[in-house]
Amino acid sequence: MVGVGVAEGGGGSGGPADSYYGEYYPPESYYVPQEICQHPQQHPQHPHMCTVHTEYAGMPVVTSATMMPQLMPQVMDESLRHYLVPHPHPQAHPHHGPHHQPPHHQPPHHQPPPHHQPPHHYGPTNGAGGPQHFYGAGYPPHYHHVPPHHMQHSPPPSVFQKDERTQRQYSKLKQKLERKQTNRNNGVVEMNSGASTPSLSPRKELNGRGGGSGGASSGAWSEGEGSSAGASVQDDDENDMQAVLDMLSTIRKPQVSEITPTSALVQWNSPYPDGVPVPNLELTYDLLLGDRDVKRYKAIYSGPSLSCRVRDLKPGCEYSVCLQIRAGEVTGAASEAATFRAPAAPPAAPPAPRVTQRARASLQLRWQAAADRGARVLHYLLQLDAGDGFAELARPRTRQHTAAGLRPQTQYRFRVAAVNECGRGDWSEETVAWTAGSPPPAPAPPALCSSAPRTLALAWERRADEEFTLQMDDAARGHGFLPVYSGPERSYECTGLCRATDYRFRLRCETADGQGPWSTEVTYRTLPERPSAPGRPSPRGKIHSRAFRLRWDPPGDDGGAAVASYTLEIDGGEGYRPAYQGSDREAHCDRLQPGTPYKARVRCANEAGDSEWSATETVTTEATCPGACGAPEPAATARATLLALRWRAPACSGGVPLADYRVEVAEADADAAAARLAYIGAANECVVRELAPGRRYRVWVTATNRVGAGPQSPPLEFTTAAAPPDAPPAPTAVVEGPRSARLEWAAPADNGASILDYRLEMSATDVDDAFSEVYRGGDTTCLVSKLAPFSPYFFRVCATNSAGRGGWSGVRDVFTPRATPAAPTGLRHESTADSLRLYWRTPAGHGAEILKYRVEVDTDAYETEGPTPERVVDGLAPNTVYRVRVAAFNELGLGDWSEECKAATRPMPPAPPQIRCAQVAHNFMKLEWNATGGEGAQYCVEMRAPEAREFRAVYRGPARSCKVKKLRESTSYAFRVQASDERGGRGGWSAPCVLPTPAAPPPAPRAPALLPAHAVPPAAAPASSASPAAVPSASRAMVVAWEAIEGANYVLQCARAKDAIFKQVYSGGETQFQLEELEAGAEYLVRVMAVRGGLASAWSAAARLAAPAAGAGGAGGAGGAAGAGAAAARPRRARGGAGGARALSSRQVALLLAGGLVLLAVVVAVLVQRCMEPRP
């Protein structure tokens, strides 16, 4: 069933529309007429009724006014369950009176939710009549209460008139509303208005409703004498509800107008009668639609509007619509169904016709039937287009036709449409067909696209829908022409050929009309190959220290072409360099270094290219003595007894490694015979020792190898410096108290320079690194104070002159006497809300054991039990600052107090925050959490990776958000957070929160590389953007290649450089693409993007391409090949093209920026250093 309801204007009871759409499935048992009952044997006592049990997709639902009785839903109270069932017969059943009231058995959880409840059918229950001008005359007015155990076998209910009863109910409803309005205006509030059941509640009490007289129903209300003074307010509210139910259940059937083949306008009136005040209720109108084919109603509209436009109808189908009204939780009965039929429409477009038989002068067509859309198809209309527009060909009644009288081998277009009594439908899609014709003529001979030593690539043109047969003749085999290819392609590559060999080819076309003649024969030749490597070069004649001569053999295979030249290269340790190029097989090599091994190799070349390099031959020249070293240079300023020297190695080592260097030294006024050997070794630096202070010397160096010693280097003259003074004798010590001692010493020898001062050092462990300076001056006595009692001390002294500091004297030890303990240090505390734990480092006992400690907290004093250096003070006020100090006891008394410090108790630690993810990417996450600590709160976030066992901290700070970087894509991480503040301390950890990262897009490719089309081998030629029918021109084609990314596809875009509007030219998995038909002299921009897993990378940097000018291409044949070779030999860099400056990657830019910053920092540091240096 089709049909969609759309509201047409307002006019409802107001309020928002509570629209729903779905199938109409009531959840309880209903009764339907006997003519549609499927199981009448269930109720033999009631032949006029049938029970219908609801099942999903299996319930036969009424489809018209005669098939839809006015049904009442369940009305629930505390102990009763009422089924209000309409009955079309006026007789009462003799076995059942009005006293039957079934108990309530259905639990509350069996009720469907409000948005899934079916449209319940409510009707009047008291037998009173209503105003005739409002209710329809054909509405069934009779209802009866049926207990659950009599629902299938009870007799029909009694007959009651309702018009008079309904009139009285409306009068009472009007009086009730007027009385409430009057009381509200006078300030009077009804007694049960705030605590009782709402006035429109569908629940009913049992007081005064159990029995009746005469024809009263068991479900009818006790009317009494109208609104008497003894009636309760609750009875009035229930009477009002009953009136509302009657009003909602007596809606007239909707009116259908503006009917079209696919839509209709449904309108209805408001249920409120004239002269009755409108209660404060929001009415919702539910429109149900059903058709005869499906036999099932469907809710197509729900809202406050008084009209609905039903769309998407089937032409020629009959439909039924009925209306149902809801007021909050109260639902009225469905109205009488209105039946209408959608008019028929022209047929739908049939499928495209297809050709079943083809001849030279006729075509047989066949097509499938079209949908009639409510009216039978009378005939079909077939049209033909022979090139001058469509014209009618025939009007067949069947679904096939043979078009005769056509021209051979001609293209025709056909279309068909169906016609019924409403007119012609839409045309079908067009069908293109050809008639049979004559065999094709001889094609043009195949053209050569490219050639190689083992392959020939051929191409030809296509004139129509043809297949080709290519044959080749190999004269060396003598078998004549043999087929090598047969198919529809327009190119073929012949492989497995011999080098430098001629082959003949011919081509033939074949169509459905037959085979054509062969084309003219053409001959193409394969290219020669590169020659093999020549023989290993060997020395000829004597090998000198500066030259030698080499000779080699020709190659064993010349590749099918004569050898044009030989190239000889030699390597003396700095890389190969050309030594000879020519046609001779012998060369002379000179300007060599003696004693040096040289590697020699040779290769040859023919018209196909260069061969591989030959095997390498090693030739070593003769060795000689080394040359003279450079003059020695001082590595540092000369000292009193030594001098550091360095020198340069000789320019020529003689062809063999140097054995050693010899350094000789002598006084400046002595001859060479008095020199002594100061150093011998392989290093080019040394230290000359055993020199006298203040003397003048000269020194020189000689290099030697296995052949002999070389000449002496130029000498170096220098003067030694003065020496520092000698070490003084050990000082004498006199102890003057537990904390002081006096030291004295004698002056040492000054070694030629007056003593400037003395330095006295002290240590407590007699270790060189532990000594510290306690005195510096010109006196030979010193008083050392602030010593620790009962401790050993060691003293030493040295003298200093202009030459430096002299040696240290012997060590003098001193031991101080005992004293009271020292002051404790390192006083620290750990606080809670009501206690302080104080601890400190144990002070020195000064010769006596520490017995206990005294702790003062403000004015209170506490003592420890024993020498334990800690004390816990309880009973303190929270969040309070205290002054604390501590002192130690020994047998000599109370020692010094420690420094006073302040300690504060803490408040309660903060609660753990709730962590959440604010932003996520493939490599980072932004986390946020709520503030739980006080002012100055700090937060610690920890993370655990999937493979990690423990959490690790990723953030510490006062912020309430952080960004975690360097994450892996498609990975779940666990996070937890902890809050702490300066006063409350650290709180607990939050529950771990597991968050995943999404997949990452692929990286941006680098700028694509551009290669000429003729530089790419034919077997590796990429996909082309040109038409397959044309042979690409090397001067107007360019191959674009880019780097491969695993598992990714690529999108290539190209744009003219002058307008920079990119257009896609390729999409696929290949890493190169050939651009064809480029405009001569124009500049293009190309860029590439990678796509993997539905995620796209950024565009690469654009590469610039400059197409050659129109006159730059070579001529055809041999001249064209020569021109291409000349162009390849003299490459010309295009401005901004692929051969221009290469675009820098992001990593290179970052390195350049870092280097610039480092250089700037060095310059600034040098400038600051120069500004801070003192000027003379």
Enter the accessible area per residue of the range 776-908 (Å², integer; probe 1.4 Å; all protein chains in place).
52
For the range 476-612, what is the accessible area per residue in Å², given a 1.4 Å probe and the full set of protein chains?
56
Please name which of Ala844, Val884, Pro869 has its Cα lying farthest along the dipole of the range 830-885 towards the positive end, using unit charges on Cβ (Lys, Arg +1; Asp, Glu -1) and the Cα centre as origin.
Ala844
For each pair in Lys786/Lys902; Lys542/Lys599; Lys176/Lys253, compute the distance between the two Cα atoms and list the pairs where it is over 24 Å.
Lys786/Lys902; Lys176/Lys253
Determine the principal axes of the Cα atoms in the range 800-921, then give the extent along each, sorted from largest to smallest and rounded to whole angstroms.
71, 54, 20
Please list the equivalent ellipsoid semi-axes of the range 769-847, computed as the square roots of five times the alpha-carbon gyration tensor eigenvalues, in descending order and whole angstrom.
40, 17, 10
Under the Debye formula (equal points on every Cα, no solvent term), log10 I(q)/I(0) of the range 477-611 at q = 0.16 Å⁻¹
-0.87
Per residue Cα convex hull volume for the range 728-809, in cubic angstrom?
82
Spin-label point model (7 Å from Cα, Cβ direction): what's the Arg837 to Glu607 distance in nm?
9.8
Where the Cα atoms of the range 739-877 are projected onto their three principal axes, how long is each span, largest first, in whole Å?
75, 29, 25
Counting Lys and Arg as +1 and Asp and Glu as -1, what is the net charge of the other residues whose Cβ lies under 10 Å from the Cβ of Arg883?
-1
Could you compute how fast the range 600-688 diffuses translationally, taking Rh as the Kirkwood radius over C-alpha pairs and applying Stokes-Einstein at 25 °C with viscosity 0.890 mPa s? Give it in µm² per second.
142
Based on the Cβ-Cβ distance of Asp571 and Arg952, what FRET efficiency does E = 1/(1 + (r/R0)^6) give at R0 = 51 Å, to the nearest 0.05?
0.40
Kirkwood Rh, angstrom, the range 260-390 [1 / mean 1/r, Cα pairs]
19.1
So who's got an amide H within less than 5 Å of the one on Glu736, skipping anything under 5 residues away but keeping other chains? H placed 1.01 Å off N, in plane.
Ala741, Arg742
Scattering from the C-alpha atoms of the range 419-501 alone, worked out with Debye: what is log10 I(q)/I(0) at q = 0.12 1/Å?
-0.54
Taking 7 Å along the Cα-to-C-beta vector as the label spot, tell me the Arg689-Val994 distance in nanometres, rounded to one decimal.
7.1
Rotationally averaged projected area of the range 537-668 (alpha carbon convex hull; nm²):
11.5
Per residue, how many Å² of accessible area does the range 322-391 show with a 1.4 Å probe?
44
Using a 1.4 Å probe on the protein chains only, how many percent of the accessible area of the range 769-920 belongs to carbon and sulfur?
47
Derived scalar couplings ³J(HN,Hα) [the range 518-528; Karplus, 6.51 cos²θ - 1.76 cosθ + 1.60; whole Hz; x for Gly, Pro]
6, 7, 5, 7, 10, 10, 10, 10, 6, 7, x
Using only the Cα atoms of the range 885-1013, what do you get for the radius of gyration and for Dmax, in Å?
24.7, 104
Rg(Cα) / (2.2 N^0.38 Å) computed for the range 397-444, rounded to two decimals:
1.70
What length, rounded to one decimal in nm, is gained on full extension from Asn280 through to Ala442, with 0.36 nm per residue of separation minus their alpha-carbon distance?
49.0 nm
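The values are calculated or read from the model by the stated rules, or taken from the named source; none is laboratory data. Computed from a predicted structure; not experimentally measured. When we count neighbours, we look across all protein chains shown, and the Cβ atoms used for this are built from the backbone with ideal geometry, even at glycine. These accessible areas exclude ligands, DNA and RNA; they are computed on the full protein's heavy atoms, side chains included. Shrake-Rupley method; radii C 1.70, N 1.55, O 1.52, S 1.80 Å.
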